[in-house]
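Below you'll find the structure I mean.
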Amino acid sequence: MSIAVNRARRLASQVGRTFPGTDLALWAAGATFFGVIGLVPLAMASLWMAGLLVGHDTVTSSMDTAISGLPSGHGTPEALRTLTSVALAMPWWQALVVLFPASLYGEGLRRAFVQLTPETDKLTGWRGRAGLLGVAAVAPFLVLAVLAFAPYVAPLYTGEGWSLVWGVFVGFHVVWIAVSTALVGAFGLIAPGRFGVKPLLAGAFGTGAILAGFLQGFLLFLAIPIEWSAPFGGLPIVGAVSALALWLYLIHILVLCGFRVTVYLNGVFTARDTSD
């Protein structure tokens, strides 16, 4: 255990010394802006494709089961049900249309990634959008994988004691695999440059583990009976959007830090392979 801790500390120290002198907060905020535009359309396209694969009724019932295990505050259940019903009701041409705003998220991520890598880049926006479409092709399967575990995990989240602990443990690993797979696509398809398999998997799954834990904390945040609109004069929409944007901003800081670790690991593995 101490060896693993020492290695983690050494890695953090080395990454910190090589971290580019860019404004991480600024680029995370930029990625968040594009995320606000593109994540909802991406989720809608993913749900639409999932409904096409397994049927609308299956997706709707699985989503209802998953929602039953979530905190009921802040209108989260109603928002997810509305998102699912609207996505499944889209005609095929509208599902294609929403891919355009969804692709903007890829542009935002690539522009942020460029700041954390020595790679030069051209046509940044278009390459980021094209890479996002590759991730979008896998996203429906990740959604279905998460929903497949809902009948088992959701009742555990509503329990107490060891039942809740086991539910958090299982839920963490399900989300970890899904998020890490998406990050493999983000780092491999959206980011500039090319990574080796080992650093790509290590960086994506390491970052995914942190994000999975962070998302478990978000569920706890949803359960806290605090009005998000309180700092904004009681305006519920402003409070909800601001709270969600803040969490999305923090997620992007973690993603960018994880990407920088991936860049560093790729350099280490490349140098090792060259010396061999």
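Of Arg129, Arg110, which residue is touching a residue at least 12 places away in the same chain (Cβ under 8 Å), more than 28 Å from Leu53 (Cα to Cα) and either buried (at least 20 other Cβ atoms within 10 Å of the Cβ) or among the hydroxyl-bearing types (Ser, Thr, Tyr) (or both)? Quick ask: steps written out before the conclusion?
On the way: Arg129 fails: more than 28 Å from Leu53 (Cα to Cα).
Within the list Arg129, Arg110, the selection yields Arg110.
Consider the range 89-128. How many of its residues are more than 21 Å from Thr262 (Cβ to Cβ) and assigned to a helix (DSSP H, G or I)?
Restricting attention to the range 89-128, the residues satisfying the condition of being more than 21 Å from Thr262 (Cβ to Cβ) are 89-104, 122-123, 125-126.
Restricting the remaining residues to those that are assigned to a helix (DSSP H, G or I) gives 89, 92-97, 99-104, 125-126.
Number of matching residues: 15.
Kindly check whether there is at least one residue in the range 194-204 that is at pLDDT below 80, in a helix (DSSP H, G or I), among the small types (Gly, Ala, Ser) and more than 23 Å from Tyr157 (Cα to Cα).
As a first pass, look at the range 194-204 and keep what is at pLDDT below 80: none.
Within the range 194-204 (the criterion being at pLDDT below 80, in a helix (DSSP H, G or I), among the small types (Gly, Ala, Ser) and more than 23 Å from Tyr157 (Cα to Cα)), the answer is no, since none of the residues qualifies.
From Leu164, Leu133, grab the single residue that is more than 21 Å from the chain's Cα centre (by Cα), assigned to a helix (DSSP H, G or I) and not hydroxyl-bearing (Ser, Thr, Tyr).
Working: Leu133 fails: more than 21 Å from the chain's Cα centre (by Cα).
Going through Leu164, Leu133 in turn, the sole match is Leu164.
Of the residues Pro155, Pro140, which single one is touching a residue at least 24 places away in the same chain (Cβ under 8 Å), farther than 16 Å from Val255 by Cβ and surrounded by 20 or more Cβ atoms within 10 Å (Cβ to Cβ)? If you could, list the steps in order and put the result at the bottom.
Working: Pro155 fails: surrounded by 20 or more Cβ atoms within 10 Å (Cβ to Cβ).
Going through Pro155, Pro140 in turn, just one is touching a residue at least 24 places away in the same chain (Cβ under 8 Å), farther than 16 Å from Val255 by Cβ and surrounded by 20 or more Cβ atoms within 10 Å (Cβ to Cβ): Pro140.
Then there is this: In the range 62-69, is there at least one residue being modelled with pLDDT under 95, outside any helix (DSSP H, G or I) and farther than 25 Å from Ala137 by Cβ? Walk me through it before giving the result.
First pass over the range 62-69, keeping only residues modelled with pLDDT under 95: 62-69.
Next, from what is left, pick out any that are outside any helix (DSSP H, G or I): 69.
When the remaining residues are screened for being farther than 25 Å from Ala137 by Cβ, the result is 69.
Yes; the residues of the range 62-69 include at least one that is modelled with pLDDT under 95, outside any helix (DSSP H, G or I) and farther than 25 Å from Ala137 by Cβ.
Scan the range 76-97 residue by residue and report those that are surrounded by 13 or more Cβ atoms within 10 Å (Cβ to Cβ) and of a type in the set (Gly, Ala, Ser).
Scanning the range 76-97 gives Ala79, Ser85, Ala87, Ala95.
The values are calculated or read from the model by the stated rules, or taken from the named source; none is laboratory data. This one's a predicted model, so the numbers in the text were calculated from it and none came from an experiment. Positions of Cβ are generated from backbone atoms using ideal geometry, with glycine treated the same way; all protein chains shown enter the neighbour counts.
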